């Protein structure tokens, strides 16, 4: 009785009245949670770096659209399951209820093993594709050799290991403070990220090829040792065999693997289903 009275004073929607636990994830927090798990920046990075380089004739825009169509049915299944069975646990809850406890155990054991193995991968990407280009770019723009060298150190296996370890430790510390604290922090950082994206779009909108070329040359003039860095890059690319290829549906579909690798995580809120308010509406939305 005392536990329920204390919980009632705290407010919220009870997940289980007998325990006094409350659901803390509102609609926007859950939406941002899923968007963060998609890692839009990393997904875009893979597409921009890899598709033009290794998939001749691939259309990035079409690849994204096709991949979205492929992902949506799976996402809808998870959304409906998490609305029908609003419990944390994801695969285990759904598979065990539908196909049996043994298969539910197998499914979630598989998920657990892969997450243990995969957990370090995006943490290393934080160093390789986040901090390394950040410090290198700052070094070039400010003519600071120290920043460039620091960025170079972060791109080594040791640098990536240290950065990844610190990132994982920070995330563990944040989650240990409770999901509500995590939601507050993620929402603030999401707003900051969206402001940055909006400013980037504002600066780039209306810019053409010539504007990009002049900006590229101005930014890299000192580092490249030439006033026409753009021309030097294009000349080197042509000597290396670069050339445009006609549209290929095959090479548009094949690189979808890189997009799917990130986009499929838009269903991540299913694994915290017990923490989501009004799951019947929020999860599907």
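Read-outs: derived from the displayed coordinates by stated rules, not from any lab. Predicted model only: the values in this text are computed from it and were never measured. Neighbour counts are summed over all protein chains in view; Cβ atoms, including those assigned to glycine, are modelled from backbone coordinates with ideal geometry.
Couple of notes before you dig in:
- Degrees, to the nearest 10: 157-176 long Cα axis against longest axis of the chain: 30
- All-pairs Cα distance distribution in the chain, expressed in whole percent, bin size 5 Å: 1, 5, 8, 11, 14, 16, 14, 11, 8, 6, 4, 2, 1, 1, 0, 0
- For the stretch 102-212: span of alpha carbons on each principal axis (Å, largest first): 61, 33, 30
- Between the helical axis of 40-54 and the longest alpha-carbon principal axis of the chain there is an angle of about 40 degrees.
- The fraction of Cα-Cα pairs per 5 angstrom bin, counted from 0 for the stretch 136-285, comes to 1, 6, 7, 9, 13, 17, 16, 12, 8, 6, 3, 1, 0 percent, rounded to whole percents.
- With the helix formula -39500 (n - 2.57) applied to DSSP H stretches of n ≥ 4, the chain reaches a computed 222 nm mean residue ellipticity of -22500 deg cm²/dmol.
- Three-way shape call for the stretch 196-240 based on the alpha-carbon gyration tensor, with the a/c threshold at 1.5: prolate
- Over the stretch 22-81, the hull volume per residue, using the convex hull of the C-alpha atoms, is 97 Å³.
- Highest mean packing comes first when the peptides 118-129, 142-153 are listed by Cβ atoms within 10 Å, giving 118-129, 142-153.
- The stretch 17-141: C-alpha gyration tensor shape, a/c 1.5 cut-off, then a/b vs b/c: prolate
- Mean Cβ count within 10 Å, highest first, over the residues of peptides 255-268, 89-102: 255-268, 89-102
- Gyration tensor verdict on the stretch 208-275 (Cα atoms; rounded if a/c is under 1.5, prolate if a/b is larger than b/c, oblate otherwise): oblate
- Taking packing as the residue-averaged number of other Cβ atoms within 10 angstrom, the listed peptides 76-87, 189-200 run from highest to lowest as 76-87, 189-200.
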